[in-house]
1. Among the residues of segment 74-99 satisfying the criterion of being open to solvent by 40 Å² or more (accessible area, probe 1.4 Å) and of a type in the set (D, E, K, R), which is nearest to Ile132 (Cα to Cα)?
2. Considering Phe139, Phe129, which residue is open to solvent by less than 60 Å² (accessible area, probe 1.4 Å) and under 22 Å from Gly35 (Cβ atoms)?
3. Six or more apart or on different chains, Cβ atoms under 7 Å: show the pairs whose first residue is in segment 158-174 and closer than 11 Å to Phe57 by Cα and whose second is hydroxyl-bearing (Ser, Thr, Tyr) and not in a loop (DSSP other than H, G, I, E, B).
4. Could you tell me which residue of segment 47-57 is most open to solvent (accessible area, probe 1.4 Å), considering only residues that are in a loop (DSSP other than H, G, I, E, B) and either of a type in the set (D, E, K, R) or out of contact with any Pro (no Cβ under 6 Å at 6 or more places or on another chain) (or both)?
5. Among the candidates Gly35, Gly44, Gly60, single out the residue that is in contact (Cβ under 8 Å) with a residue 60 or more places away in the chain, surrounded by 20 or more Cβ atoms within 10 Å (Cβ to Cβ), of a type outside the set (Ser, Thr, Tyr) and under 30 Å from Gly134 (Cα atoms).
6. If you check Asp11, Asp23, which single one turns out to be at pLDDT 90 or above, over 21 Å from Ala125 (Cβ atoms) and open to solvent by 40 Å² or more (accessible area, probe 1.4 Å)?
7. Filter segment 142-163 for residues that are open to solvent by less than 30 Å² (accessible area, probe 1.4 Å) and within 16 Å of the chain's Cα centre (by Cα) and give the result.
8. Filter the strands (runs of 3 or more DSSP E) completely within segment 63-144 down to those with at least 1 residues that are in contact with a helix residue (DSSP H, G or I) (Cβ under 7 Å, 6 or more places away or on another chain) and modelled with pLDDT under 95.
Amino acid sequence: VAGTERTQDADTLLALIDRLEGDFCIDTRRIHVMGESWSSWSVGRLACAGSERIASFLGGMGGFDASGCAPERPVPLFAITGDDDRFIVERSVEQWAEVNGCDADPLVEDLGSGVSRSTYQGCDADVVFFDIEGVGHAFIFHECIGPAAGYCRAYAEVDQLDDALVFFEQHPLPE
């Protein structure tokens, strides 16, 4: 709804993209956005409101309300969650899969170590969802080093940054 805080977030972020495009040489077919925790909400709204400009997005460890979303084009989603956020993220992914015209039941693969990957089928744009048992609200990487290591969990099966970058590379805006 125009004028709401949610719309203002998307408008502000689209204005930032305008500014970046004006000031820098940017491949406008490869604008991808990532949200972790509460910022997942903002990038979900941005992907909906700016679907003609946002190639794909990551929603990690936080929900993004897709109810009422009617994007100009379907936007690919890469999502990841653990125990603390499972309910809200699962619901968000299901809503986004519906927006993208996916079949209701995804293909679920057990990757080991409590990691499963759900890939929705029949979609107008890809929806991929990683769910990790036994992990709370954390970043997921292959290796946890440096000052942020306390906020990270290490898994051989998934690395949200590396896997998201591969997903982004595979999902530019259509010509």
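1. Asp83
2. Phe129
3. Phe167/Ser56; Phe168/Ser56; His171/Ser56
4. Narrowing segment 47-57 to residues in a loop (DSSP other than H, G, I, E, B): 50-55.
Pick out the ones that are also either of a type in the set (D, E, K, R) or out of contact with any Pro (no Cβ under 6 Å at 6 or more places or on another chain) (or both) and you get 50, 52-54.
Working: Gly50: 0, Glu52: 80, Arg53: 50, Ile54: 0 Å².
Applying the filter and picking the extreme gives Glu52.
5. Working: Gly35 fails: in contact (Cβ under 8 Å) with a residue 60 or more places away in the chain; Gly44 fails: in contact (Cβ under 8 Å) with a residue 60 or more places away in the chain.
That would be Gly60, the only listed residue that is in contact (Cβ under 8 Å) with a residue 60 or more places away in the chain, surrounded by 20 or more Cβ atoms within 10 Å (Cβ to Cβ), of a type outside the set (Ser, Thr, Tyr) and under 30 Å from Gly134 (Cα atoms).
6. Values: Asp11 fails: at pLDDT 90 or above.
Being at pLDDT 90 or above, over 21 Å from Ala125 (Cβ atoms) and open to solvent by 40 Å² or more (accessible area, probe 1.4 Å) holds for just one of Asp11, Asp23, which is Asp23.
7. Start the filter on segment 142-163 by keeping residues that are open to solvent by less than 30 Å² (accessible area, probe 1.4 Å), which leaves 152, 158-160.
Result: Val158, Asp159, Gln160.
8. Answer list for segment 63-144: 77-82, 127-132, 139-141.
The values are calculated or read from the model by the stated rules, or taken from the named source; none is laboratory data. All values reported here derive from a predicted model rather than from experimental measurement. Backbone-built Cβ (ideal geometry, glycine too); neighbour counts: all protein chains shown. These accessible areas exclude ligands, DNA and RNA; they are computed on the full protein's heavy atoms, side chains included. Shrake-Rupley method; radii C 1.70, N 1.55, O 1.52, S 1.80 Å.
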